[in-house]
Amino acid sequence: MPDNHRSECPINLSLEVFGDRWTLLILRDMIFGGRRHFRELLLNSEEGIASNILSARLKRLVGLGMLTRSPDPGHRQKAVYSLTEPAIALLPVMEALGAWGSRWLPVSDALSIRARLLTEGGPELLTRFMAELRHEHLGAPAPEPGGPTVRERLQAGYLKAIARRSAGSASTGDVDDGVTERPHDAGPAQLADADVQPAAGRLRHPGDDVQPQP
């Protein structure tokens, strides 16, 4: 890592690694979505990452030792990205961020279900998920068999939430346009400027009250 740090505070140093709008989301998609190729990460990005940003962030993550890049054995023209131990160790941080966002921000049920299930599963579920990630990305021994993987369980919860949303739309006569619901972009720059709404017990992003231009 470069030596020109603003300070040696561990929070500052951590933010220098993943404190922008996109880095944690790329790691999120690799951890929870099992996406390991550039095209998978680009086309399936919930937030619509641009190709040049994705390319730059992946290169930086490899340079920082958060990811490794190697040729894909199944396709010579593709590269596969793997999480390293420091990246896998961010899973509890992501769980905590998901729990915080679910408590204070206007998240959707479908896009917050994985964080909620991880929180409900407690340390045991986190430990197992990290063991599965080490097996998948680092070649570590597989954990003891125990039914579906944690990722499969979280995905099942997500699909159930989507089904509930679709059923609710049908019962109220709403038209489901097939567009996936997108969460508010809770990037660090926005959260730093967020206003507290005591009455609702939520945070408000800058721009929430801005009216669209005619």
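Please treat every number below as a calculation from the coordinates, not as lab data. Since the structure is predicted, the reported quantities are computational estimates derived from the model, not experimental observations. Glycine also receives a Cβ, built like all others from the backbone with ideal geometry; neighbour counts cover every protein chain displayed.
Miscellaneous remarks
- Estimated inter-spin distance, His135 and Ala79, nm [label 7 Å along Cα→Cβ]: 2.9
- Full-stretch length increase - Ser51, Thr127 - with 0.36 nm per residue and alpha-carbon distance subtracted: 24.1 nm
- Other residues within the sphere of radius under 10 Å centred on the Cβ of Thr23, judged by their own Cβ, net out at +3 (K and R +1, D and E -1).
- With R₀ set to 22 Å, the beta-carbon distance separating Asn12 from Ala96 gives a calculated FRET efficiency near 0.75.
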